[in-house]
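Presented below is the structure to which this report refers.
Just so it is clear, none of the values below were taken in a lab; they were calculated from the coordinates. This one's a predicted model, so the numbers in the text were calculated from it and none came from an experiment. As a convention, Cβ positions derive from the backbone with ideal geometry for all residues, glycine included, and neighbour counts pool all protein chains shown.
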Amino acid sequence: MLERISNQLQQPDIVVQAHNTRDDPLQRFILVVKWYLSCWHIAPKAVKKPLNPILGEYFTCYWDLPNGKQAYYVAEQTSHHPPKSSYFYIMPSENIRVDGIVIPKSRFLGNSTAAVMDGVTKLSFLDYIDSKTGEPEYYTLTQPNIYARGILFGTMKLEMGDHMVIKCPATGYEVDIEFKTKGLISGTYDAIEGTIKETKTGKALYLITGKWNKKMHIKDLATNKETLFFDCDTATPLKPKVRDISEQGEFESRRLWEKVTDALAERNHEVATEEKYKIEDSQRLVAKKREADGVEFYPKLFRKLSVNESVKHGNDVLEFVIYKDNILNKDIRMHDPEALNEHIFEIAPFLPKQKFNPEFEIPAFEKVKEEKQHSSSESETAAPQATLSTATPTAIATNGD
């Protein structure tokens, strides 16, 4: 799941184009919609049993962009009951940032099962300041739900269904795209339809139709001119790069699930099931020990938003944010790209040969406290490699709260 979320980020050229459309807010919104629709076809073609992230699991990756710059992504499983995956993506050279949370909920529907994908993605253009709020221009983006059909009888088929809603309060545009599921008698697979509107007036501006995994078209409702919006068959997604497993921490996704994925690649389902059970059983024992010892789990890389932060624009449904949020925001306000990259790399290793900071295992909220106490920490340099203690994800004793 943590790695799969990064699929939606594999067309950076489109979101960069959107960001560069400075003088046309409507065209910028249209390109954001195009960017968000462009990567759903990367989803698995067949129905597969997921490897549900365990508490404290994390994943990092990076992109070498066509302009010679880089983008970085990190995700962490911040809750187990209910499952919540928090993520952070930044393209420092372009002032583009993405924050998000995925909260999947399973539903069984007779011969089908559904993954109801609660949560939200927040896309921010950090150098576009909304004159009304003084905050960066942002877009909130939800995602469609996923249905696996034919789990008991018939042919198994993966479908996307329900609605994807994208809004930009600063520019006043929104779109509600319906992902249509096939009916028992009529309809077709993978169809979408949605209308870009002015939020205040409800005036319809553009109609988007087609198939989310094939060709999509857009029609200007003022002229009735229809053009190709995006063609998945000719798309060239830019896949992220991931550090070698030998460099990864014990709870880093690819290393954690290596034996399971290797067995699945060899179609050895017996070994895959056995190794998966070992991981999950180990987590159950750790959870029981935490309960017996009166300790509470806290994420290492993401912290909960405070009440004041949660009411800020676009934050109301995020719940968690990368723990260096305040420092990164300051770097951006100060136009200090060197400090920005330094602080990004202090979060976790993203690039090959980067080392874990000694503070890596400390809970995120504790690291924030230390940074507040030592405001001069912005000038601290990267520490040498430390020996990781990764026997269990971070937990802290509670005080009976």
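Which shape class, rounded, prolate or oblate, goes with the chain when its Cα gyration tensor gives a ≥ b ≥ c as root eigenvalues, a/c under 1.5 marks rounded, and past that a/b bigger than b/c marks prolate?
oblate
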Compute the Cα gyration tensor for the range 1-118, then decide on rounded, prolate or oblate, letting a ≥ b ≥ c be the square roots of its eigenvalues: rounded whenever a/c is under 1.5, prolate when a/b is larger than b/c in the other cases, and oblate in all that remain.
-> prolate
Extension gain from Asn224 to Asn67, taking 0.36 nm per residue of separation minus the Cα-Cα distance | 52.9 nm
Where a ≥ b ≥ c are the square roots of the eigenvalues of the C-alpha gyration tensor, would you call the range 224-340 rounded, which needs a/c under 1.5, or, failing that, prolate if a/b is larger than b/c, or oblate?
-> oblate
What value, in deg cm²/dmol to 500, does the helix sum -39500 (n - 2.57) over DSSP H runs of n ≥ 4 give at 222 nm once divided by the residues of the chain?
-> -7000 deg cm²/dmol
Which one of Tyr173, Phe360, His343 is farthest out on the positive end of the charge dipole of the chain, using unit charges on Cβ (Lys, Arg +1; Asp, Glu -1) and the Cα centre as origin?
-> Tyr173
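So between Val317 and Ala292, what do we pick up on full extension, going 0.36 nm a residue minus the alpha carbon distance?
Residue separation times 0.36 nm, minus the Cα-Cα distance, leaves 5.8 nm.
Can you sort Val295, Val120, Val175 from fewest to most other Cβ atoms within 10 Å of each residue's own Cβ? Numbers along the way, then the final one.
Details: Val295 15, Val120 20, Val175 24.
Starting with the residue having the fewest Cβ neighbours, the order is Val295, Val120, Val175.
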